[in-house]
Structures are given as structure tokens and as C-alpha cells.
């Protein structure tokens, strides 16, 4: 009997956990598994993770999932990972420093130095299209060079999370195009943006060679095959960053198609064939599809904010009902609150922000709190805050890039909450469509890199064999006036407090 090799083992490596799935070419999700790991905050503004935690989670998930199939059916393995990771390794691949996470903002001083090298913020912005902050990769590489000189000296290659995991699997060090974008990647030349590294004093020999998402990066080493309990000849493909895989997994693969995501963080993206300039915190990066790009704007903290609310305002209920039931209570309380939360506004910037504004010093603001407000108002206002942020991003996209966005696909855990989806539809004034696999978008998008790379599918548009529309939410015209009013207030809060937050936090976060 000849077995059909049509199953992909895809790992979506996020900020809090690895979600792994077995997906076949007929669109069936045969099984999925999740394993979480900790997040370290050693100083204000810092955020780190232990790279081996990712690998151990992948090993655990793989062993759980492969009991469901004949392993000889596996077409390939692939990773899609959180972007902007910085993992310094020596020649043998030993980790020299914890992964400096994408939410880490330690390098504000280095970011300012870099912009001054180009003549100041305005000149730098005119060159690159965006200001850089202490959250960006190259300033953090310079931070390492200045503050951890021995680690920098002993670093053979700087790897992002995807590259590190591919090395653990194959023994080969390489950076994939979409991941390279968060370091410095020239979309037209498909190469590192060498000028940025030269200007910042970063040794370019410490950057890995580049591969595409659809390429075979290598096959499993003997050690990896033993750990994962997989066949030695299992190919590992290039994969991509998580925003890029999720864009594919949302079904938004056509030119000009938009999607949004709500999970631990949130983002809004538009697929495009053009190479566009960065504007207002939005960046144009390589898509998972080597023939396309993706305009993306990241909201640093979304689902995290509601987790904070649960842990601090709903402790008793959490103990009594468990985490799996707590969100039903939140929904019931929020449902009693009118649109606009009786003019309570809570901004979502718990970790600073990237888009629609780039800042490491701004934090969340509770605005207009009064005696009439309840816990339910906090739930509703936190949900609305994400809606205001997405509206600001999409309006910038239409203004800056001339996109037309009357509707968009929504994915992620937050898209399973009908009340939240309706609220965001009302705030943005756009139609929202959810999908049949909202929490599997990342693994589906990653699997497409294997299906296309192996020649099983012709192109990334074939994802529509797997991803189907689920629910549609249209804006309620009765709520337009209040949300138009509060959206102006929302932007005013940022503009009014930007300097105040800088004075309050610039030294604390440096």
C-alpha cells in the first residue's frame, strides 16, 4: 500500500504558547495541540523568553499529534512564529542570551542615536517612512553590542524564533524573507537592507543567509528526529512570521484584501502586490507568498488587556467558574452596557504601541470614569478601545495607501466573540466576516507554505479550499453617532497625553 504524503505538521509559535496542527490537503484539521510557556519581565519595558521553551513545547505537541496518523503521510513540517525575536547563538547553536521579544522596548536610546545619524527624526522618517523606537530590532542589536559586549562578540548569528527552531530541527541557520523584514529587508532586492546595519555598526556577517517561505530549509537531524519521534527524511520548510501566515489563513490572499486579528495582540493587514513606503506605524513587509507583500499595523496588547481585567477584577468568579467559563460572565455584564460605555474610554496601550502610533512610553488611559460606571463598563470599554485602534489603522490605510476597505476578514480567538465583532463593526463602520477556522489561521497559513512549496497546490489562493466564511456582522447605524464622537475623543487622548507619558516614563523605561 502506497501512502499519500499530504499531511503538514504546522507549528504556530506565539507569545504565550505553541499551537500545533495536522492539516491535510483536503482542508481537514486532523488534530491540534497547545502548550504554553512563561514570559519574563526582568525590568520595566523589558520582555524576554527562553528559546528552549519553544522547542520543548513543539516536541510535546508533536508527540501528542503524531499518534493520530501514520507518520509516513507527513509531507513536511513548518513553523510560523512571533516576529522580531533576537536570539544570539554561537557557532554550535548554543543560545547566548534569552530571546529579546518583540514587545521589549529597552533600546530607546539606541533608536534615537540611529535617527540622529540620519539627521534627526524628520530626516530619518523621510528616508524610511517611519520612526524607529526602542522596540525595533536594529536598536536592540546595538543595545546588545553596547551593554553585553561579550555576548555580541561571541555571537555567530542572530536568529529570530523561526530561524532558531529551523536550526533545532535541521542544524542549518537561515533567515526567511518575512522574518528578515523585522530586522531590515529590501523588498525590491530581496536582500538584507545593508545600509541600516552599516549605519548602526552591526556586523553583517552575524546575519544568516536568506531563504523563501516555500523552500525546503533542510531535513531533520538525527537528534531532532529522535526528539520529535518523526522520520529522519521529514523536510522542514522555510515558513514565515505569524502575521503573514495568519493573513493567508484568513483567506485574504488577493490584492487589496484586508484582514484583522485579535489574540494576545491585534493587527490589521492588507495584501498588496506593491512595495509601499512605511507610514503612521504601518509597515510593508514580505508576505508568506514570495510574490506578494503585506501592509501590516500591530496593536501591541489586545486579549492581554481582558486577561488583566479578569485577573484583577474577577478573581472570585475565576475561582468559582474556571477560566473556560469566565468570559461568559464578562459578556453578560458588557451586554448591559450601551454603545460608547456611557462615555468611558479605555485606550489599549498597556505595552506601548506600534500602530497607528509608534511609542514605547505611552500606556493605557482610563478616561472619563465616574460613579455610574461598573465592571461591565470596563469590559465594554476595553473591547471598544481595540475597535477604535483598528478604525484608526484602517482609516490611515485608506488615506496613506489609497486602499478601499469596505469589509475585512476577522480571525483569532477574539473573532469567536459575537458581541465583540458587532462592536468593532459598529465602530469601524465596516462589514466583518469571520472564518470557519478562526484560531487555526496561523497553522493553516504556515501549512500553505508546504503545500505550495511541494507543488501540491499551484499557489496560495488555494487556501480557499480550506478556509470558508462563517459569520457576517454589519454596522448598526444606530450606534454610528456615538462611536464617531468617541473616536475623536480617543485620538485626542493620545495627542493630549503623548508628551506627559514621555516625561513620566522615558527614564523609567530606559
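Within a 10 angstrom radius of the beta carbon, how do 240, 284, 449 rank from fewest other beta carbons to most?
Values: 240 37, 284 22, 449 32.
Fewest-to-most ranking of 240, 284, 449: 284, 449, 240.
Let me have the relative contact order for the range 8-238, percent, based on Cα pairs under 8 Å that are six or more residues apart. Provide the component values of the computation, followed by the final result.
Working: 458 pairs, mean separation 42.9, N = 231.
Once normalised by length, the contact order is 19 percent.
Can you pull the three principal axis extents for the Cα set of the chain, in Å, largest first?
Largest first, the chain extends 66, 56, 46 Å along its Cα principal axes.
Whole Å is fine, so just give me how far the alpha carbon centre of the range 438-454 lies from that of the range 266-287.
When both Cα centres are located, 20 Å separates them.
So, how do all the Cα-to-Cα distances of the range 8-238 break down into 10 Å bins, in percent, from 0 on up?
Taking all Cα pairs of the range 8-238, the binned fractions are 8, 32, 33, 19, 7, 1 percent.
Grab the alpha carbons of the range 359-510, take their convex hull, and tell me the volume per residue in Å³.
On the way: hull volume 26.4 nm³, N = 152.
Dividing the Cα hull volume of the range 359-510 by its residues yields 174 Å³.
Which of 16, 213 comes first, and how do the rest follow, when ranked by fewest Cβ neighbours within 10 Å? Kindly include the intermediate steps, with their values, before the conclusion.
Working: 16 17, 213 33.
The order, fewest Cβ neighbours first, is 16, 213.
Whole Å is fine, so just give me how far the alpha carbon centre of the range 107-170 lies from that of the range 1-68.
A separation of 27 Å, based on Cα centres.
Can you pull the one-decimal nm distance between simple spin-label points at residue 318 and residue 71, each 7 Å off the Cα toward Cβ?
Distance between the two pseudo-spin positions: 3.9 nm.
For 100, 424, what ranking results if the residue with the fewest other Cβ atoms within 10 Å of its Cβ goes first?
The order, fewest Cβ neighbours first, is 100, 424.
Give me D for the range 198-305 in µm² s⁻¹, whole number, from Stokes-Einstein with Rh from the Kirkwood sum over alpha-carbon pairs, 20 °C and 1.002 mPa s. Walk me through the intermediate numbers first.
Details: Rh = 16.2 Å.
My calculation gives 132 µm²/s for D.
Given bins 10 angstrom wide, list per bin the percent of all Cα-Cα distances in the range 55-189, short to long.
For the range 55-189, the binned pair fractions read 11, 34, 31, 15, 7, 2 percent.
By DSSP, what percent of the beta bridges with both residues in the chain are antiparallel, rounded to the nearest 5?
Taking every DSSP beta bridge with both residues in the chain, the antiparallel ones total about 70 percent.
What FRET efficiency, computed as 1/(1 + (r/R0)^6) with R0 = 22 Å and r the Cβ-Cβ distance, is obtained for residue 147 and residue 502, rounded to the nearest 0.05?
Numbers: r = 22 Å, r/R0 = 1.02.
Once the sixth-power term is evaluated, E becomes 0.50.
Express the relative contact order of the chain as a whole percentage, based on alpha carbon pairs under 8 Å and six or more residues apart in sequence. Spell out each step's value before the answer.
On the way: 1118 pairs, mean separation 77.8, N = 510.
Relative contact order here is 15 percent.
Need one number: nm distance between label points at residue 255 and residue 113, each 7 Å from Cα along Cα→Cβ, rounded to one decimal.
Label-label distance for residue 255 and residue 113, simple model: 4.3 nm.
So what are the range 153-200's ellipsoid semi-axes, whole angstrom, largest first, if each one is the square root of 5 times an eigenvalue of the alpha-carbon gyration tensor? Walk me through the numbers before you get to the answer.
On the way: eigenvalues 85, 41, 11 Å².
Each semi-axis is √(5λ); the values are 21, 14, 8 Å.
Just so you know, all these numbers are worked out from the coordinates, no wet-lab data involved. This structure is a prediction, so every number in the text was calculated from the model and none was measured. Using ideal geometry, Cβ is built from the backbone for each residue, glycine included, and neighbour counts are taken over all protein chains shown.
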